[in-house]
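Every number here is computed from the coordinates shown, using simple stated rules; none is lab data. As the structure is a prediction and not an experimental result, all values here were calculated from the model. Virtual Cβ from ideal backbone geometry, glycine too; neighbours counted across all protein chains shown.
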Amino acid sequence: MFNKVLLTGSFRVFLTLFSNGHVTITRENKRKLHAEIDSILQSLADLDKIPGAVIMIKKDGKIIHRKTYGFAQKYDSNHEILNHPEKMESSHLFDIASLTKVIGTTTSIMLLTDRGLIS
C-alpha cells in the first residue's frame, strides 16, 4: 500500500511540473511543491526505502529548490549500520546505470493507464 501511495505522490509531483510544458509558479505553489517533495523523499529515507537522495529544481536557469535526504553510506558490507554514517551531500555523484529504462517505462505506463488506453 505504501508503495502505491508513494508512487502516486511522486507521479503527482512529476505531472505538476511537466503536464503542460508551461507552469506558473507562485510562492504558494512553490512552497506546497517543496513541502510535498520533502515529505515524500524524507519518508522514503526514514523508512530505509532509499538510502538517500539529492534533489535540485531549476526554473529559468535558477535553482528554486535544492535539498539532500538520508545517507550516502549508512551500512557496511555486512549490512550493519555504521557507527558514523556518511550524510548525503549535494556534491555526491550517482551511477544511474539503467534506471532511465525503469523511469521511462513506468511513466509511460502510468500515463497510458490514466488516459484509459491500457488497464
Assuming 0.36 nm per residue, please report the length gained on full extension of the stretch residue 86 to residue 65 beyond their Cα-Cα distance. 5.3 nm
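Test of understanding: express the Cα radius of gyration of the range 29-119 as a ratio to 2.2 N^0.38 Å, with N the residue count. Walk me through the numbers on the way to the answer.
Values: Rg = 16.4 Å, N = 91, 2.2 N^0.38 = 12.2 Å.
That ratio works out to 1.34.
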Only residues of the range 51-91 count here: report those whose backbone N is under 18 Å from the spot 7 Å along Cα→Cβ of residue 28, or say none. none
